[in-house]
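See below for the structure under consideration.
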Amino acid sequence: VMGCNCNELPCGRIYGVPIKLSIYLVIFALYSLAGVAGMNAPAWCIILLGLGGFLILILTILVHEFGHGMTAKHLGGEIIHILLWPLGGLCVHTMPEIRTANEKLWNDWWVTFNGPLTHVLMVPVWVVLIALLFAAYGLSYSAADFWSDLNPCAAGSLSRHPNVVEKGWGAVLLLQLCSTAISVNAILFLFNVLFPLYPMDCSKLLCTGMQLCGTPVQRAARRFIWISAASVLLLLAVMAWNIYQAIATAKEEDIKHMLQSSGLGLLPVHLSVLTGLGLAVWGGKQTYEMKKLSDEKRLHTHPLFSHVPHSTRNVRDIANGRPDLLVEKTVDMYEGEAVEDAIAVPRAQNYGAVRMVGGQIIRERMPQPQG
């Protein structure tokens, strides 16, 4: 773990695990709070709804990341810290080194799988709670209401019960927070399982799954790079279409709201579109870096392929124009490949190599010709 990062705010510990909060998540929360400021509701209800939604998001992400971390701990690793950031969370942990390649793959797969699994366990808890609240206010929570909360494209169960306002704004607040909790769990589950972009859980499940099915490392990496690149282009296309639709269907009051948002220093773009664009840019950057590592045979330095065997040797620094200098080079060792194939060592010419010995440059003695 690197030193101090000013973009990460320490937030204490949970069960001895340091929790850090990305400053960008705070900005994300303020932006989303500004988005609900125009609701036709009392100010206190709007503020509590924004803060409550933010706390539900934090709680959901923490449970998800502890699903990763506790699995890693069960398999012999340790949790270093958990970072909360706009795209979810990151659980930084260790794993035991004394394992076979197959064991590493299976361990990584289970650690990754048990993160999204937490959402499957949390949703029933929130469903029971919202059903009890509906019953307490003399209403019925149906299967159609549940689907409306679970479907990210739907408006939520409260849109099906406009008479909830008659029960008071307290009832609206509690029911809306429970509905939000169900939606957040559904979105985070789909987001992590269906988006093949690093560091989403889907990337780890896909890469380890291909290798567990017998796909060689290089081929698995190339397939994932193509899938990831296609996902980035598709996401950009969807976001561009959403922006076009918003502009084409904008009414006069919508344009006024956009201008007011601009006056507050906010981008006149829906939060989901802004998030999608950010994810596409981030995913494109990660995909390019993985392709570069694949071309240089340094996939072992990437978290998705840390189990790949590698070898280090002293080779002449031909690339930098210093054939007289020996440098260390570490590259991947793929199955069926010898060390000589992994690292091409240029044939020595009429020069000796130099080494640093005791702070001094020592040139190797040239071999004497046999005559």
Residue check: is residue 62 open to solvent by 70 Å² or more (accessible area, probe 1.4 Å), modelled with pLDDT of 85 or more and not in a loop (DSSP other than H, G, I, E, B)?
-> no
When the residues of the range 303-323 are filtered to those that are in contact (Cβ under 8 Å) with a residue 40 or more places away in the chain and crowded, with 16+ Cβ neighbours inside 10 Å, which remaining residue is nearest to residue 105 (Cα to Cα)?
-> 307
Just for the range 68-84: of the residues that are open to solvent by less than 10 Å² (accessible area, probe 1.4 Å) and touching a Pro at 6+ places or on another chain (Cβ under 8 Å), which one is farthest from residue 96 (Cα to Cα)?
-> 82
Go through the residues of the range 158-174 one by one and say whether even a single one is at pLDDT 90 or above and either surrounded by fewer than 22 Cβ atoms within 10 Å (Cβ to Cβ) or under 29 Å from residue 242 (Cβ atoms) (or both).
-> yes
Please enumerate the residues belonging to the range 93-122 that are under 22 Å from residue 309 (Cα atoms), of a type in the set (A, V, I, L, M, F, W, C) and touching a residue at least 24 places away in the same chain (Cβ under 8 Å).
-> 101, 105, 106, 109, 110, 111
Failed condition for residue 215, given (1) touching a residue at least 24 places away in the same chain (Cβ under 8 Å); (2) among the polar types (S, T, N, Q); (3) under 30 Å from residue 309 (Cα atoms) = (1)
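The values are calculated or read from the model by the stated rules, or taken from the named source; none is laboratory data. Since the model is a prediction, treat every value here as computed from it, not as a measurement. Counting neighbours? That spans all protein chains shown, and the Cβs are built from the backbone with ideal geometry, glycine included. Quick note on the areas: whole protein, heavy atoms, side chains included, nothing else; ligands and nucleic acids left out. Shrake-Rupley method; radii C 1.70, N 1.55, O 1.52, S 1.80 Å.
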